[in-house]
1. Given the residues A:90, A:84, which is the only one that is in contact (Cβ under 8 Å) with a residue 24 or more places away in the chain and within 14 Å of the chain's Cα centre (by Cα)?
2. Output the number of residues of the range A:69-90 satisfying the condition of being closer than 17 Å to residue A:6 by Cβ and open to solvent by less than 40 Å² (accessible area, probe 1.4 Å).
3. Yes or no: residue B:92 facing another protein chain (nearest Cβ under 8 Å), over 30 Å from residue A:32 (Cα atoms) and touching a strand residue (DSSP E or B) at 6+ places or on another chain (Cβ under 8 Å)?
4. Count, please, the residues in the range B:23-47 that happen to be of a type in the set (Gly, Ala, Ser) and surrounded by fewer than 14 Cβ atoms within 10 Å (Cβ to Cβ).
5. Could you please find all residues in the range B:58-68 being within 21 Å of residue B:27 (Cβ to Cβ) and either open to solvent by 30 Å² or more (accessible area, probe 1.4 Å) or out of contact with any Phe, Trp or Tyr (no Cβ under 7 Å at 6 or more places or on another chain) (or both)?
Protein chains: 2
Amino acid sequence: MTHRLLVQYGRPTDPAAFDRHYRDVHVPLARAIPGLVRFELGHAEALGEAAAPYLVATLDFESAEAFAAGMQSPEGAAAAGDVGNFATGGATLSHYDVEDVTG
Amino acid sequence: MTHRLLVQYGRPTDPAAFDRHYRDVHVPLARAIPGLVRFELGHAEALGEAAAPYLVATLDFESAEAFAAGMQSPEGAAAAGDVGNFATGGATLSHYDVEDVTG
């Protein structure tokens, strides 16, 4: 079952610098994580009263085991270690088994 | 470009009742929204210090226009109106154009 890492970045102090670092440095680091099968992102807008994250990224792996192995790899550690270099608005990470209920 | 609605539910007062209502009532209502092309969900766990949402749902549409039309349809209104019936831990909604950077 696909396992997904959901990363939500709060609004950074310098959005242009954040976007540049994210695109030029962080995306290549994250792409290198072993077992990553899909990597998607977008700048979010709120629907309703709660604030939206500035950027949402989803990183999909084949399974929970592949996710754990990827995060524990040197490449996973490098990507995780880079977050502090640009996420001036904070980063909230969660992960879950993805169930498709499209029907 | 795929447009995604990201719904994050806070931990409900009665998780079993939440799950039952979500599965039996809310999923069918959301599935009926015109233009929905993918609907995925999962019970999340935190990675790091920040609290994880209890449940994450992503609803994908072909485009921002299809998303807007779907949300404004009677079926979209019915699904949105149902949230107050079970989301005792709150619901945070955001939406974004999905960019695939898998590489």
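The values are calculated or read from the model by the stated rules, or taken from the named source; none is laboratory data. Everything quoted here is computed from the prediction, not taken from an experiment. Positions of Cβ are generated from backbone atoms using ideal geometry, with glycine treated the same way; all protein chains shown enter the neighbour counts. Just the protein is used for accessible areas: all its heavy atoms, side chains included, with ligands, DNA and RNA removed. Shrake-Rupley method; radii C 1.70, N 1.55, O 1.52, S 1.80 Å.
1. A:90 is the lone residue from the list that is in contact (Cβ under 8 Å) with a residue 24 or more places away in the chain and within 14 Å of the chain's Cα centre (by Cα).
2. 7
3. yes
4. Residues that pass the stated criteria total 1.
5. Selection gives B:58, B:60, B:62, B:66.
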